[in-house]
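The values are calculated or read from the model by the stated rules, or taken from the named source; none is laboratory data. Treat the numbers as computed from the prediction; the structure is a model and nothing was measured. Note: ideal-geometry Cβ built from the backbone for every residue, glycine included; neighbour counts use all protein chains shown. The accessibility values were calculated without ligands, DNA or RNA, using every heavy atom of the protein model including side chains. Shrake-Rupley method; radii C 1.70, N 1.55, O 1.52, S 1.80 Å.
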Amino acid sequence: MRTMRSTKCPWAFLGVAGALVMLVFAVHVFMVPILPSSLDFFGAGHGIGKPRNVLPGVGVVDSRLSGQFPSDSYGAVTYRGAPWKAEIGRWLAGCDAGLSVVNITEFIGTKRCEQDCNGQGVCNYELGECRCFHGYAGKRCEEVQKVECNLPSSQEWPVGRWIVSICPAHCDTTRAMCFCGPGTKYPDRPVAEACGFKTILPKKPDDPKLTDWKTPDPDVFTTNKSKPGWCNVNPEDAYSSKVKFKEECDCKYDGLWGRFCETHVECSCINQCSGHGHCRGGFCQCDSGYFGIDCSMPSNYSVAYGMPSWLQPPMNLPDSSINVKVVAKKKRPLIYVYDLPAEFDSHLLEGRHYKFQCVNRIYDDKNRTIWTQQLYGAQIALYESILASPHRTLNGDEADYFYVPALDSCLITRSDDAPHLQMPRDLRLRSYHTLEYYRMTYDHIAQRYPYWNRTSGRDHIWFFSWDEGACYAPKEIWNSMMLVHWGNTNTKHKNSTTAYWADNWNYIPIDRRGNHPCFDPRKDLVLPAWKQPNPAAIWLKLWARTRNNRTTLFYFNGNLGPAYKDGRHEDTYSMGIRQKLAAEFGSTPDKQGKLGRQHTANVTVTYLRTEKYYEELASSIFCGVLPGDGWSGRMEDSMLQGCIPVIIQDGILLPYENMLNYNSFAVRILEDDIPNLIRILRVCVCINSPFRSVITFDTYLVFPSHQGINETQVEFMLRNVRQIWQRFFYRDSILLEAQRQKRLFSEEAPWSVEVSKLDKVDDVFATFIQVLHYKLYNDPWRQGVLQRKETGLPDICSKAS
């Protein structure tokens, strides 16, 4: 798309420029059927024409839908409160809401496993194969593996070089975890990382303590109450200060609670095993007859106890116990979820060394939910929603999509956890490490299932939740749909944008990665990042705060780079974008005591953390959305507090940006136009300006530097933000947990009360399903597949014209 750069021109020319602006605006709005519908920023330099990021099927929706659902002046068609890109909104408004149910035959697993996996795994009744617990292997889980905690030792490194699992005490070699072990008063108490080694005290008051990884600390085993011990310290004595204890020791492992790990609590599992199993450290040990990562899949041997809720209602149960089939009434799209070998998911959860890794919740000493700030929790949230959804099917022949639940969020955070996770060929790059795991997942499903080869994976879905999304996806899976938080089309930022060397994908061999972009708007989708439910913010309805109560013009709070205290030291952090913003508008002094060149009273650009962060967002009209090491959560923060997002990252899409009409609720500023940011946003200057109109494009709004945004446009955008904020919130997954907690406790937690009271409008999962539904019927390649299936749609919707 062609963009407009800021220029300085004499006032004599502004009248002519304004007239031209008005003309272009009018032509774009009123002559859409005649002229091309977009100027393609993402293919800048290619001139005006059909944009490269148009989805398959756009422009081919039946003309009757166009007449029935016209677009507004911003180019949007509204469906269920959200402004969609016109062709997408028309199809959804005309077809999604009227979708009828279809009868789907579900196949229930009947294949038993040998010796019932010896009690050390869960039988996959679909394949007749065991999914063994961490540390066990073999056809019957009969082999006990030995996964070491330590790397090879030497005279210099008596326990081996540092790795997260490093252990100078007792190593549980089924999980590579370190405990006090036999002979101590508390043998199951973790001795994690720095706990078991000597501490180097700081030489200066402000310097941090360091760990001497070459010297184990024998005092952790002491019974001398005057020394700081750990493995024999009585919790009651420690709480009453009768004995000393080593402060570097804590309770990092999941399933344990208290300063001294004295309480066993619920571990975090996918869907908490759906009420049909027990969570053992992250791996669901299913009740007899149930299987799957969350024990939600019934078998021939469990149907007598009823069917899971996602298969109901209604259905016809057969009388025969052989080749069990059930007929369920469902709505498309239908999603088949692969039950992968445990090393791709359950082992990563079961063997994690830090309870906050991978998951978006843990449990306290009363087994009540504690939501975490895990940035990558969206992967777990979406996975749980799909597994519990009536859109899920066990019949791969009827499925419209195939979800591959490899967990890069868990793999990357655990890449240095233990020796058995390391791959010599991955160059110590977490990005390369992840690529290899996804490639092994591809090998498994391509070899063991018939579905991949039918379509070369074009109906498969993979989630890459890490900082740079699918940039490091293996070439074999690129035909598939990629779910990411980082929609870098590589049209401007062509190389790895992270400042962290281990995540850099530039060094991955071309024969492994291929030469694909990070994101293809024609097939991929950016999803919102995880944000924990904040009961106070929901109760206060911060997203609903009106224009009159928003007194700050522009707000950004975050790491601003090396010029500021505690800032990231790399110049390449945030691709330098945050640094440019701070240099112009910084409202907090940098290390040299300087403010931004254009700092002003009602503009906040600061690095100072504050407990009033959400309140300050909700008191602002516009909020900055800038990258970090790849994506950041600023878009979600803005939307959830009702603030108009101001996006500054060229060629990099935000959540749903290739589906929703961002013109209606967000503003994009070119990176080169950062110095003109406030001139563009300052509403009061432009209320009576003759240049109040804006040029609208399908991708985003482009504001010339001499004109601003008027109050009518601000009110319009704020209203749309209020309408759609829940599409950036994982309410469905949160409510699944609320239902589980209600079965355990008579009194609801505040987060459960407040989320349950929210309007039942579409959230992330509902939006995801709508996108899949649209793509299903508007991708010309899929038409031959759908013609063989019962769609429940009229011809106007079920075929491209």
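Quick one: grab Rg to one decimal and Dmax as a whole number for region 66-142, Cα atoms only, in Å.
Spelled out, the Cα radius of gyration and Dmax of region 66-142 are 24.8, 67 Å.
Which of the pairs K246/K565; K580/K612; K492/K591; K198/K252; K330/K760 have their Cα atoms more than 29 Å apart in this structure?
Working: K246/K565 31 Å; K580/K612 25 Å; K492/K591 31 Å; K198/K252 19 Å; K330/K760 21 Å.
Check vs 29 Å cut-off fails for K246/K565; K492/K591.
Heavy atoms only, probe 1.4 Å: what % of the accessible area of region 572-626 goes to carbon and sulfur, would you let me know?
Details: 1310 of 2680 Å².
Carbon with sulfur: 49 percent of the solvent-accessible area.
For region 721-768, count the residues as N, evaluate 2.2 N^0.38 Å, and divide the Cα radius of gyration by that value, please. Numbers along the way, then the final one.
Details: Rg = 11.5 Å, N = 48, 2.2 N^0.38 = 9.6 Å.
That works out to 1.20 for region 721-768.
If you count, for each residue, the other Cβ atoms within 10 Å and average over each peptide, how do 368-376, 145-153, 130-138 line up from highest to lowest?
Details: 368-376: 18.2, 145-153: 16.0, 130-138: 22.6.
Answer by packing, highest mean first, reads 130-138, 368-376, 145-153.
State the Kirkwood hydrodynamic radius of region 497-573 in Å, one decimal place, computed from all pairs of distinct Cα atoms.
Numbers: mean 1/r = 0.0565 Å⁻¹.
For region 497-573, the Kirkwood estimate is 17.7 Å.
Which net charge results for the neighbourhood of E384, defined as the other residues with beta-carbon distances under 11 angstrom from its beta-carbon, given Lys and Arg at +1 and Asp and Glu at -1? Don't skip to the end; give the middle numbers.
Values: positive: R361, R740; negative: D294, D732, E737.
After counting each charged neighbour, the total is -1.
Using only the C-alpha atoms of region 409-563, find the volume of their convex hull and express it per residue in Å³.
Hull volume over Cα atoms, normalised by residue count, gives 205 Å³.
Give the separation of the Cα centroids, region 444-473 to region 205-237, in Å.
What the calculation gives is 47 Å, centre to centre.
Distances longer than 23 Å among the Cα atoms of region 112-201: what percent of all pairs is that?
Working: 1684 of 4005 pairs.
For region 112-201, the share of Cα pairs beyond 23 Å comes to 42 percent.
If you average the alpha carbon positions of region 335-403 and of region 550-621, how far apart do those two centres end up, in angstrom?
35 Å
Which whole number of Å³ per residue matches the convex hull of the alpha-carbon atoms in region 529-640?
Per-residue hull volume (Cα only) is 97 Å³.
Count charges around G586 for me, please; just the other residues with Cβ under 14 Å from its Cβ, Lys/Arg as +1, Asp/Glu as -1.
+4
What order, most packed first, do the peptides 496-502, 406-412 have when packing is the mean number of other Cβ atoms within 10 Å of each residue? Before the final figure, lay out each step's value.
Values: 496-502: 20.4, 406-412: 24.7.
Highest mean packing first, the order is 406-412, 496-502.
No solvent, one uniform scatterer per C-alpha: report log10 I(q)/I(0) for region 340-406 via the Debye equation at q = 0.13, 0.22, 0.28, 0.29 1/Å, two decimals.
-0.48, -1.07, -1.31, -1.33
To make sure I understand the rule: partners must be lysines, Cα under 21 Å from the Cα of K139, and not fewer than 8 residues away in the same chain. Which ones qualify?
Within the straight-line cut-off, K139 pairs with K111.
Which of the peptides 336-343, 515-522, 764-771 is most tightly packed, and how do the rest follow, judged by the mean count of other Cβ atoms within 10 Å per residue? Don't skip to the end; give the middle numbers.
Working: 336-343: 20.9, 515-522: 18.5, 764-771: 22.4.
Packing order, densest peptide first, comes out as 764-771, 336-343, 515-522.
Quick one: length gained pulling Q592 to Y449 fully straight, 0.36 nm per residue minus the C-alpha distance?
On the way: separation 143, 0.36 × 143 = 51.48 nm, distance 6.13 nm.
Length gained between Q592 and Y449: 45.3 nm.
Using a 7 Å offset from Cα along Cα-Cβ at W157, what residues in region 403-436 end up with backbone N under 17 Å from the label point?
415-429
Provide the net charge surrounding H493, with neighbours chosen by a C-beta distance below 14 Å and charges set as Lys +1, Arg +1, Asp -1, Glu -1.
Taking every other residue near H493 into account, the sum is -4.
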